[in-house]
Each structure stands twice: as structure tokens, then as C-alpha cells.
Amino acid sequence: MAALYEGYTLCGLVPAQNLSHSGIQGIEQERDSDHVVVTDSTRSVTLYKVSDQKPLGSWTVKQGQSLVCSAVFNSQTKEYVAVSDNRVIRIWKEEDILLDKAFKATVSSDVWRVHCVHGGEPVVLFQRGAVRLLDSLLSAPQQPIEEILVQEEAIRWSTNIVAETQQFVIFTTEQKGDHFLYLQRLNPNTLQRYRLEREEPGLGPLSFSASYRDKHIHLLYLYPNGHVYQSVVSVRGLGTEEGTQALPLPRSLLLSLPVGEGLLEAASAMVLDEAHVAVVGVPHPSAGAGKDFLCIWNTNFQTLQAGKEMAGKIYGQLWCYSNKLFIPHGKTLSVIPFVCPKSSLASALGKLKQAKTEVLSIMANQINFTLLSMQRMSRKTQSTPSLTTDQVLELIKTAPVEDVEKEVEGLLSRSDIQDLQPSVGQLVSVLVSRSLTDPAFYTPSTLAQLVHTQCLCHSVCPDLVLLALEKKDYFLCQLCLQFFPDIPEAVTCACLKAFIRNEVLQTAYSDNFLLPHLKDLSSQHVVLFLQYLQFLYLKYSQDAFPQMHGLRSPSLTQIMDWVCLVLDAHFTVLVMTPEAKGLLLNLHSFVKSQVRLVSELGKIEGSLQELNKMKVNKDVGQYSIEIIELF
């Protein structure tokens, strides 16, 4: 079954005063699955590292200017692209500080959005329906832009996907209560227009989501009455001629969601895979009124498989990247990890459609499974029957430590971790619960083994690290710091009070949340910690290979970030502490020498750059001396 894991906050929001909008225009994946670009509804673009919940860069247009669509990242050129004031296209790199000094070009027509799939070239969709590749547009920014849409027709939603190596721009429009779907193929350029079937009078789609599989584009759309429809278009059926004559678009009802009293207002549905849909802003079937949920529904079985209550106002916005859902609610943008394993019935139905070779492979797997079962049956006389997960959970509550360790280890050894993933959190929760109530019960090796599965996070078992600290099990603490992406800053500081290790420094944190907890450290702790940080910086700055194989070592940047944070939190106390005087003087002289070094390097930067431009003389013998004069 699908599962929603404990989420964490990526950043705060500044919603509209009447809470009609979250304040976010869009979220786009950046260079990899751990980086996203968030564009607010006014003037700012911010790059975040998701696992650290930390901004890496932010860019803002001038007062009086506004961004009209979400910024995208061009992975080909490592540049960001955004549009301000409807017609000004801005392009900049991560190292650029001021947007006003970066490249910009003014086009001749209002832009709706810029889209960019990973590895593809950005495309520009104009408000009147025309599409241009960015490079082609920038070669002549004032080129005339044709109008595709008819009078009173306006774009409501758009995206782009890659299907069979070809880019498609997909957008929907509305005209006097009618809704249309446009499929624009690039290279060769073809355009097809479809008319969506009408729902009840006065009802228009609240959200759209598109995906590509099995040579078809699947469009999913949600109506205020809770109906979720799917329309399927074959990419090979698209004609080679452009045309705006609307073809009828057949649809099928995937889900009929409960809406309670009245109609949905701020809701969204998004495709996760061929059998699962994420829905936000729709009531939970078994919850009371007035509560907003994020849910995952199985469209094959028409069943609700996972639900999570979201505090605060829901804005009907939802993004999905790399098995993480991004959802604004209240004054928070949350990240919710999820999994959607295939259901057994869906797998069985899928096997009926497989080719002969795949059927033979399945038969071989069945033979292997039979042989394995026979081997297990032959050992029944020598061992007790294997326990199920539920039986192990019950056994943990009362059995001795030795029996618990044996059965949990056996369960992990004979089961696929993917199948056990939803149960790992339950196993740890029951183990921790009994350890807290029964001082004589503690299973360090079992807990470490469960953490090593990497199926856990701090939110699933918030008492685990605190239990390990109470038991002085610092090895388990380090494992949690290493594998959990959502360790709270308070727990990080609690670990810091107990032990100093290369794991605490690499834990994800937010400066604003960490500073108050750092202030709780005693002056003795602070002095010792700064001495340790100074030692690490000197060691790694002088060592040509600090990242030894098999060891996790902090980067110089991480070390300096911690030095700055500790000094910010305790500078006044350190100045008044006699024991810290020598340390502060050492840090001061060290920073001074680093500044002097950087200054000297800056003086020869131009000369060093010229060296890179010089042509290397390839006609050299076994030995040569070359004199280079620097002016």
C-alpha cells in the first residue's frame, strides 16, 4: 500500500492578507532530486537544498517590478530563466548576485510561462498560445508572435513533457465556460486542439496533471464535485498538419471523491504513477468537517491508501518531485515523502499482458520460489515456524531481549526491505516504547540494524535518538544523525552536549531554528567545541585528501558555518570568559591570515587566468624548461 511519511518544513510562506493565495507561484526541480527553485508571487526566486531545508541562493527583482511565472533551471547551460513584467526574459547563473545586472531581453508579446524539462531546452509559452524555443526567441527578441487562441479564450494551466525524444507543450484554456486542451509538438511543430466534455453547468476543472506512459499522454483533471477524470491521447495519432479545429476529447471517470457539504474550492489532484493519485483539499472520508487532508488514492481499487491532516489553510497547490510532495498550507511549505509500491492485484493483471519471454521468466521465478519453500519446509524440524510482522510486534511487548533480537533479525533476513518498509517504523516505535517503560529492556544491535535499512526518519520515531542518548548509546546516535534527513535542531544540540563527532556537523539544520538551542550550551561546551572546530579546519585545510575512504568528513564550508553559528550565539559570553581569550585570539589571527591570503591571490588572479589561455607547446622532448613572465 501507498504510504505518506512524516514531513518537514522547507520554508515559511507570506500568503496574501485574505489567505486567498499561498504566495508561491511555482516550484521547479533544479540540478538533482535534492534541489528545488521556489518562486514567490511577487519578486523573489530562491534555491533550496531540500534535505538541509536551507536556502543556497536568492535573487530579487527591483521594487515595482514583478515576476509573472515560476523560474526554471536550464541544466544544459546551468542557468536560471524567469520572466518579469510580462515581457522581460531574465537569465542568470547561481553566482550572479543582482538580477538587474544579469542578461535580459524584451519580447514583443506577453508571456504565460517558461517550461524546461531536465536535459531539454527551455520553451516559452505566450499568453495567446504561441510557443517558441528560448534560443530561437532570443536570436530575435522582437520577432512577431502569432495569436493561436480565439477571442475571449485564456490559458488556465500548462506543462511540458518529453515523449519518445520529442518535447510537447500541453496547455488548457477556457472560453465562455468551455474548456480546451492544446498539444503543441516541437520539431516538427504541430498543434492539435481538443474540446473537454462539459460537467455540470457552471463547473470547471480545479486542477490538471499530465503524464506520459505507453506511448500516450494521460491528462488527469479534478472538478469541484469531486469527480476525477482521465483523458488519453496517443502521441502517434497526432497529425503532421497544424489545426485549431477542436476534436472531442473522450474521458473516463477514475474517482468520485467525497466532498461533504457543498463543492470543493481549493483542491488539486496529481498523478503519482499508473495506479495512484495524490489529492489535497478534499475531505477525508472518515474525518470530521473542517479538516484538510493530503491523501493518496488507488485508482485501480478506488480505495484511500494514505492520508495526512494538514494544519492551516489549504491553497489547492501541489508539486511532486522524486517521491516528495511539496504542499503549501497555512504559513508553511511542507515536504512530504511518500512511497507507492505496486499492489499485488495490479501486478497479477499486468502479468497477463506480458510477452512469452516474460512469462517464462515468471515461471522460472515460481520454480525458484517453490524450491525455496521446499528448503524451508525441510528445515521445519530444526527450527520454529517463522513469525509474521504482526506476531513479531506482539512478541516485542513481552518477550525477553534475546528472543526479540532473534525474531526481528530473522524477519529482516527473510523479507525484502521494500516489502517491510511500512513495518520498520512500527517495529522501532514498539521497541522504543517498551525501552522507555521497562529500564531493563534495551536492544541496541536490533535498533541499529533497523536504522541501517534507511527506511526510517526522525519524524517516524521521534524518541529514538533521545532514548539512545539516555542509554549513552553514542554509536546509535551517530547512525541516526547519518541516516535521518529530518533531525530537529534541538536534538542536534542535545547530541552536541553528549559527544562531539564528523556526523553532528553534517546534520541538516536551519540557522534560525538552531541558534536558540546553541545558546543553551554552557561556556565550557562552547570553548571545547570551538577548539574542536579549529582543529578540524587546520587538519582538513592542510590535508590534500581529507575525505578518507569509508569515513564521512565535514567540508571546510560546513566547519566554518558552525564556527560562525557558535560565535553568533555566544560571542558576548566568550568575550567575558577568561578561558576563551586565547582561543578567540587564535581564531582572529587565523581569519586575518586567511583574509590576507585571499587578498594576495586576488592580485594575481588576472595573471593566473592568462595562463589558462596560453597555448601549450606540444613539441617538447623528454626534458624542457619553460620561462613564463608575469607582468
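Scanning the stretch 491-528 for residues that are in contact with a Ser or Thr (Cβ under 7 Å, 6 or more places away or on another chain) and among the polar types (S, T, N, Q), we see that the one that is modelled with the lowest pLDDT is ASN502.
For the subset of the stretch 156-195 comprising residues that are of a type in the set (Phe, Trp, Tyr) and open to solvent by 10 Å² or more (accessible area, probe 1.4 Å), which member is nearest to ASP214 (Cα to Cα)? Steps first, answer last, please.
We begin by selecting, within the stretch 156-195, every residue of a type in the set (Phe, Trp, Tyr); these are 157, 168, 171, 180, 182, 194.
Now restrict to residues that are open to solvent by 10 Å² or more (accessible area, probe 1.4 Å): 157, 194.
Values: TRP157: 24, TYR194: 20 Å.
My answer is TYR194.
Within the option set SER207, SER139, being buried (at least 18 other Cβ atoms within 10 Å of the Cβ) and out of contact with any Asp or Glu (no Cβ under 7 Å at 6 or more places or on another chain) holds for one residue only, SER207. Considered as a group, the residues in the stretch 446-466 that are in a helix (DSSP H, G or I) and free of Cβ contacts under 8 Å to residues at least 40 places away in the same chain include one that is farthest from THR398 (Cα to Cα), and that residue is HIS452.
Inspect the stretch 232-241 for any residue being under 26 Å from the mean Cα position of the chain (by Cα), β-branched (Val, Ile, Thr) and assigned to a strand (DSSP E or B) and give the result as yes or no. Explain how you work it out, then say what you get.
Looking only at the stretch 232-241, we keep the residues that are under 26 Å from the mean Cα position of the chain (by Cα), and these are none.
Checking the stretch 232-241: not a single residue is under 26 Å from the mean Cα position of the chain (by Cα), β-branched (Val, Ile, Thr) and assigned to a strand (DSSP E or B).
Just wondering, is there one or more residues in the stretch 114-121 that are modelled with pLDDT of 95 or more and either touching a Lys or Arg at 6+ places or on another chain (Cβ under 9 Å) or surrounded by fewer than 16 Cβ atoms within 10 Å (Cβ to Cβ) (or both)? For the stretch 114-121, residues modelled with pLDDT of 95 or more and either touching a Lys or Arg at 6+ places or on another chain (Cβ under 9 Å) or surrounded by fewer than 16 Cβ atoms within 10 Å (Cβ to Cβ) (or both): absent.
Once the stretch 251-268 is narrowed to residues that are closer than 10 Å to GLY226 by Cα and part of a loop (DSSP other than H, G, I, E, B), the residue that is most open to solvent (accessible area, probe 1.4 Å) is LEU263. Every condition in (1) within 32 Å of the chain's Cα centre (by Cα); (2) at pLDDT 90 or above is met by ALA163 except one, and the failing one is (2). Taking first residues from the stretch 434-445 that are more than 15 Å from ASP463 (Cα to Cα) and partners that are assigned to a loop (DSSP other than H, G, I, E, B), the Cβ contacts under 9 Å between residues at least 6 apart in sequence or on separate chains come to PHE441/PRO400. When we screen THR106, THR39 for residues that are among the β-branched types (Val, Ile, Thr) and under 19 Å from the mean Cα position of the chain (by Cα), the only hit is THR39. Scanning the stretch 544-551 turns up no residue that is surrounded by fewer than 18 Cβ atoms within 10 Å (Cβ to Cβ) and at pLDDT 70 or above.
The values are calculated or read from the model by the stated rules, or taken from the named source; none is laboratory data. Please read these numbers as outputs of a predicted model, since none were measured by experiment. Glycine also receives a Cβ, built like all others from the backbone with ideal geometry; neighbour counts cover every protein chain displayed. These accessible areas exclude ligands, DNA and RNA; they are computed on the full protein's heavy atoms, side chains included. Shrake-Rupley method; radii C 1.70, N 1.55, O 1.52, S 1.80 Å.
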